[in-house]
């Protein structure tokens, strides 16, 4: 592939050689047909030649032509082209008609903007209007299904938690896999700051009603200007700015409710008793006792044991009379409300423009005890001092309060309630909660108790403030200086009183963990834009200096004399005070040159020289260049533009991006403080690696942009190949060294894929507008090499199956292959997978591990439709993934044919009972593990298709509005996640338990993970 | 500020001011940052004070929950359960060990391996930096580091290799021996397993040197002393069947000047800090350390996981008057019996008690027909009378071993006694002889993935 590139570039350069003839002069002015304003930058070309010019800032042009029968072609992005015969005219004024397609849109790129038509890289653009007012917690979720090649997965349905975004596949194993987030030019904090294993999401501090557009830079050419941190793609968020003219005030309000997308069925009391009695008797029979038929065998039998257990579990009810039947799943969920309020004002004059927004969100989670509240305020201000100098500021403040629930792995996590027996009532007859200790009728501590006796609140104060100034040194050259801060202060406040599992032995436990992240960027860059005849140059270059400090303090205390006094100062025993401080610095120099000739030949060179404090002293700097070229074939004279094919562009890019998303200081060999027996000590912590350097991704992209039917139908096709080398691998090393891991630059992996985006404006006239869009991406992720001859990273989990294996996608499920049940005896069977094909064994240890599937979808797609008819609007978004598997790690407890006392999923009733039974659920054996070992038994297809969003709105007609002094008014109803089509039998196929969110390749696991919320809201938006 | 030519100039200056500031901030290579949380390797090993801090770090490593913070004892108990205890918990790792179906990916086992070598490596760091330690403290520091290394290898060899009593120890694989600090990836990453005999030789060398270097006069059972080194040596010699040396080492502990004494009640030996009965323990406090024995054994009332029950089969082993029965309690929540040896989350983990030294001396004297220190009957009766049992006039080997079994129960010793005495463990009708493959852990698969030269133990498949 790399051979095509120089060829292509050379070809494009050749075309720039042009000849200039001289005779008479023609002049004129080009204006827009709709408002009569002058149009600068319009291409004016003599038909069938390369001669031409562009209009100046007042829309005027001057052109020397020779010969007769001359026709001028006027073309401009966003307008329909025109051809005018010169004849003997010397002045030609043209009014151009606006085009309805999107090719004329301006897209935001790093350190600037570009016309979409001129972009030679791959940038997915999502407009703010598509995602505003969507009832999700964080804006990344609203991107689901909107951009080809962008996979968005929420961990689970807990509000405020981490969201996994993958652009063109995973390009790293141990370093970060998340894209770089840039808001109005400032790289912001997007890293998890949670003090527990479940991650939180700093992006949920952003009010996405402020968002004007989101651009996702996917290929090397688009992203290389962010060089060192661009391997995982870059998400550029642009917020709204004021326009000169009348001040627009808009007020929006939403009210709605949420519930789980799905329920899972568990045994009721009668079924529970039947199954567990059977499980006990099976054990007795196996030991030669028959307590059912020989009463003498009853004492000391498993049956006696389980009936005693039933007595215990039933609390103060009579299980023999089936007095109680608790649906514990229902107890885990709550009636969840959602309220949003948003007020914005924007306007200004020629000199000063502003955009103001104040927003409030109050959202309940579907899980008991989970909620999220957010206040945001924004002021974006632009002021033009004179023709040379302008400055502006963006001020964003936010306060979020997240009532969190325990991590999926904790007994106190709400959905772990499903493990409780249906025999156990929630409360006894006097109204006191049952638990495993104070009023015991359970084996597992219940979330019901936790909820009434604890608090787990994460509050965040966030200020993102940026100042910028732009000074035009000459007409073509400007210098831009920016300074921005992102200050995030977070407190995770937790209190568990003496009735909770954590607090009971220590008479109440409290914790406060503060973190302050201060990220500041100073930047100066130059922009040069010059148009000479048909040549257009756009040059950008500058430097960034960014520091990020993270300052943490945590205090823990126990022994609270009164449950009512819950702050740390009320505790008698402080048990821990700890703190840390880390700093990272990026020093970067970057440049980009875009060249365009005759509106059809495009060339872009960009690069970034990036230094980071994270790397070894020998390798702090890395260089990340990219080149791309485009050819708008449809502009060529030989191209006979027809109505059918109205636009055709071929583009290609190649470049290197980097990844530095690893912890601070890890290249240094250090000892860390530890303590023993009241003395301070130092323990080995890391082996030094002064050679540690950037992880590099080489990416090739070949794309084709097409438009048909007068640009009504546009198609974008891409092929890409990403090779990531020098992986920043936290490689496994032998424990004999006294260490288990050491970061090194070893190994490589590859992502190859195709993307397609199709948009079709089917109808557009005064009454009706109907658009549909479809995006599709397929990615193949493959680990090419790990450390030396070691071909696997197997973290030795007995609960999860994800590994990293050469030749396979990252995080493949690797384990024993379940072979069902031996019809003769009810034993669980596994395939041996070695030697004789199809051979099975009932001894788990004899089953060789095999690759069982990938946790990451190979195909991601979305379909959207927008229909506006008179005052009504309807928009629909379907979104889906395919090719992945989901592992229910909780299956070892909830679908384990009555191994422990945990309530079982209803499918366990099809257990093996008698010789000859053909089933996939083994014989129930109390306290015996018959098939619950991790294997493909708990693995299912993860494909799904979801009606992500559907909105129906009605806007009041202008005639009515004027009577009530409004400029606009719209009422709407939105449904989120209303329909989900999947084969997955769990709660929800969009899942990855927070239990394992600290290991990047532990993916696709369900462990009592909350489903996504199904939301239904009504909203109103009024403009004054 | 209205715009005019003068102001224009100011703006320009402001502009280039910002530019200059930005550039300046980058001048004195700002990218060299040090971790404020830790100190670099050279510095950590550069002074007397720092090397002593690293030594404390080695104790901290030893006290990890996967090692003597509890799991080393717990795992031995689970393997030797013999129907006398039952594991009812939900963690798959201890469940596998209890079932004697330990997987090659068992995280408790791979952590035991790694954490042991981590302790060894920190000890090796200390041993490699003795030159900077003040001369008057050098023997003490070296002795403690050797103790920690010897003790770590002893646990490794007992659980990753067949017992010394089985076959030829010089022909069977144990674990790799590493005696120098890790500073990079060198030949140790491809090390083969040394033999059982080699590892035992190393352990005896480390502990013997440790015992001769340590001269501390006070009893500080949470740190290594001459006596704790001797006490571990007595265990080592019992494992290899060298009863004379086992006897002498135990006798040296008993007759030392540390004022060791049995507590009036056995209950006083547990759930607290150091007592006169403690020869070695792991310090736990409110702010530091974990006690995994308490975590798994204790009822929820004591903030335990309540996952190990004591069965009637075990309770039937005692004489009715035995006050050790009073140590057991009925868990109010589940109605099952649990041991009272491990109920205080913040109690030290008792590793070696004086009682064991008496029983070791008694056993060795009995086997050798000697009465070094005391007669076997006297030693055994010290243990018996404390728990309200009548003294025996004559003791047989069986009496001694039975007393040992009951006195040291739930302290992680039974498995190793079974192995050296070539006894059998019975679990749900299945018999596990002392040399059974599954009474030995598999070499962790993760270790074999990264070092192809590590062999696997018998009975474990390659996965």
Item to check | Qualifying position, being surrounded by fewer than 18 Cβ atoms within 10 Å (Cβ to Cβ), within 14 Å of chain B (Cβ to nearest Cβ) and at negative phi, among A:851, A:803 | outcome: A:851
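Just to confirm my filter: which strands (runs of 3 or more DSSP E) fall fully inside the stretch A:643-748 and include at least 1 residues that are over 26 Å from residue B:34 (Cβ atoms)?
On the way: elements: A:645-659, A:670-676, A:679-686, A:695-708, A:713-725, A:728-732, A:741-745.
Per the criteria, A:645-659, A:695-708, A:713-725, A:728-732.
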Item to check | Subset of the stretch A:527-541 (residues that are part of a loop (DSSP other than H, G, I, E, B) and surrounded by fewer than 16 Cβ atoms within 10 Å (Cβ to Cβ)) | outcome: A:533
Item to check | Residues that are facing another protein chain (nearest Cβ under 7 Å) and closer than 23 Å to residue A:849 by Cα, drawn from the stretch B:97-124 | outcome: B:101, B:103, B:105, B:106, B:107, B:110, B:113
Checklist entry - Can you spot a residue in the stretch A:574-583 that is in contact (Cβ under 8 Å) with a residue 12 or more places away in the chain and in a loop (DSSP other than H, G, I, E, B)? => result no
Item to check | Identity of the residue in the stretch A:299-319, more than 13 Å from every other protein chain (Cβ to nearest Cβ) and free of Cβ contacts under 8 Å to residues at least 24 places away in the same chain, that ends up nearest to the chain's Cα centre (by Cα) | outcome: A:318
Checklist entry - Of the residues that make up the stretch B:78-92, is at least one surrounded by fewer than 24 Cβ atoms within 10 Å (Cβ to Cβ), within 9 Å of another protein chain (Cβ to nearest Cβ), in a helix (DSSP H, G or I) and out of contact with any strand residue (DSSP E or B) (no Cβ under 9 Å at 6 or more places or on another chain)? => result yes
Checklist outcome for this item: For residue A:326, the lone unmet condition from (1) in contact with a helix residue (DSSP H, G or I) (Cβ under 6 Å, 6 or more places away or on another chain); (2) closer than 15 Å to residue A:270 by Cα is (1)
Item to check | Count - residues of the stretch A:357-391 that are farther than 15 Å from residue A:403 by Cβ, under 27 Å from the mean Cα position of the chain (by Cα) and surrounded by 20 or more Cβ atoms within 10 Å (Cβ to Cβ) | outcome: 5
Checklist outcome for this item: Apart from one, (1) over 30 Å from residue A:377 (Cα atoms); (2) modelled with pLDDT of 95 or more all hold for residue A:265; the odd one out is (2)
Checklist outcome for this item: Within the stretch B:422-453, the residues that are touching a helix residue (DSSP H, G or I) at 6+ places or on another chain (Cβ under 8 Å), within 14 Å of residue B:193 (Cα to Cα) and more than 8 Å from chain A (Cβ to nearest Cβ) are B:442, B:443, B:453
Next on the checklist: Scan the stretch A:543-559 and tell me whether some residue there is surrounded by fewer than 16 Cβ atoms within 10 Å (Cβ to Cβ), over 30 Å from residue B:285 (Cβ atoms) and away from chain B (no Cβ under 14 Å).
Outcome noted: no
Checklist outcome for this item: Here the residues within the stretch A:253-273 that are assigned to a strand (DSSP E or B), over 24 Å from the mean Cα position of the chain (by Cα) and surrounded by fewer than 20 Cβ atoms within 10 Å (Cβ to Cβ) are A:253, A:255
Item to check | Pick from the stretch A:500-526, criterion surrounded by fewer than 19 Cβ atoms within 10 Å (Cβ to Cβ) and away from chain B (no Cβ under 11 Å), ranking: nearest to residue A:480 (Cα to Cα) | outcome: A:518
Checklist outcome for this item: For the stretch B:181-221, the count of residues that are buried (at least 24 other Cβ atoms within 10 Å of the Cβ) and either at pLDDT below 95 or within 14 Å of chain A (Cβ to nearest Cβ) (or both) equals 3
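Here is a list: B:432, B:358. Which entry is over 22 Å from residue B:113 (Cα atoms), touching a strand residue (DSSP E or B) at 6+ places or on another chain (Cβ under 9 Å) and at pLDDT 95 or above?
Details: B:358 fails: touching a strand residue (DSSP E or B) at 6+ places or on another chain (Cβ under 9 Å).
Being over 22 Å from residue B:113 (Cα atoms), touching a strand residue (DSSP E or B) at 6+ places or on another chain (Cβ under 9 Å) and at pLDDT 95 or above holds for just one of B:432, B:358, which is B:432.
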Item to check | Single unsatisfied condition, residue A:503 versus (1) outside any loop (DSSP other than H, G, I, E, B); (2) under 25 Å from residue A:578 (Cα atoms) | outcome: (1)
Checklist entry - When the residues of the stretch A:471-499 are filtered to those that are farther than 30 Å from residue A:550 by Cα and under 37 Å from the mean Cα position of the chain (by Cα), which remaining residue is farthest from the other protein chains (Cβ to nearest Cβ)? => result A:497
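Kindly provide the set of residues from the stretch A:103-129 that are free of Cβ contacts under 8 Å to residues at least 60 places away in the same chain and touching a strand residue (DSSP E or B) at 6+ places or on another chain (Cβ under 8 Å), ordered by number.
Going through the stretch A:103-129, the residues free of Cβ contacts under 8 Å to residues at least 60 places away in the same chain turn out to be A:104-106, A:113, A:115-116, A:129.
A:104, A:105, A:106, A:113, A:115, A:116, listed by residue number.
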Checklist entry - Say we look at the stretch A:118-142 and pick out the residues that are under 21 Å from residue A:656 (Cα atoms) and assigned to a loop (DSSP other than H, G, I, E, B); which of these is nearest to the chain's Cα centre (by Cα)? => result A:122
Next on the checklist: Against the definition (in contact (Cβ under 8 Å) with a residue 24 or more places away in the chain and not in a strand (DSSP E or B)), how does residue A:640 come out, yes or no?
Outcome noted: no
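Among the listed residues A:595, A:609, identify the single one that is at pLDDT 90 or above, more than 30 Å from residue B:119 (Cα to Cα) and within 14 Å of chain B (Cβ to nearest Cβ). Give the steps one after another, and end with the answer.
On the way: A:595 fails: within 14 Å of chain B (Cβ to nearest Cβ).
Within the list A:595, A:609, the selection yields A:609.
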Checklist outcome for this item: residue B:138 vs (1) in a helix (DSSP H, G or I); (2) within 24 Å of residue B:362 (Cβ to Cβ): all pass except (2)
Item to check | Residue selected from the stretch A:391-421 under the condition assigned to a strand (DSSP E or B) and more than 26 Å from residue A:495 (Cα to Cα), by the criterion nearest to the other protein chains (Cβ to nearest Cβ) | outcome: A:391
Checklist entry - Of all residues in the stretch A:422-456, which are within 14 Å of chain B (Cβ to nearest Cβ), part of a loop (DSSP other than H, G, I, E, B) and crowded, with 17+ Cβ neighbours inside 10 Å? => result A:424, A:434, A:436, A:437, A:439, A:441, A:442, A:443, A:444, A:445, A:446
Checklist outcome for this item: Filtering the stretch A:886-897 for residues that are more than 11 Å from every other protein chain (Cβ to nearest Cβ) and in a helix (DSSP H, G or I) leaves a count of 2
Item to check | Residues that are more than 9 Å from chain A (Cβ to nearest Cβ) and either part of a loop (DSSP other than H, G, I, E, B) or in contact with a helix residue (DSSP H, G or I) (Cβ under 8 Å, 6 or more places away or on another chain) (or both), drawn from the stretch B:285-296 | outcome: B:290, B:291, B:292, B:293, B:294, B:296
Next on the checklist: So residue A:900 ticks every box in (1) closer than 20 Å to residue A:268 by Cα; (2) crowded, with 16+ Cβ neighbours inside 10 Å; (3) away from chain B (no Cβ under 14 Å) but one. Which box is left unticked?
Outcome noted: (3)
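The values are calculated or read from the model by the stated rules, or taken from the named source; none is laboratory data. None of these values were measured; they are calculated from a predicted model. We place every Cβ from the backbone using ideal geometry, glycine too, and count neighbours over all the protein chains shown.
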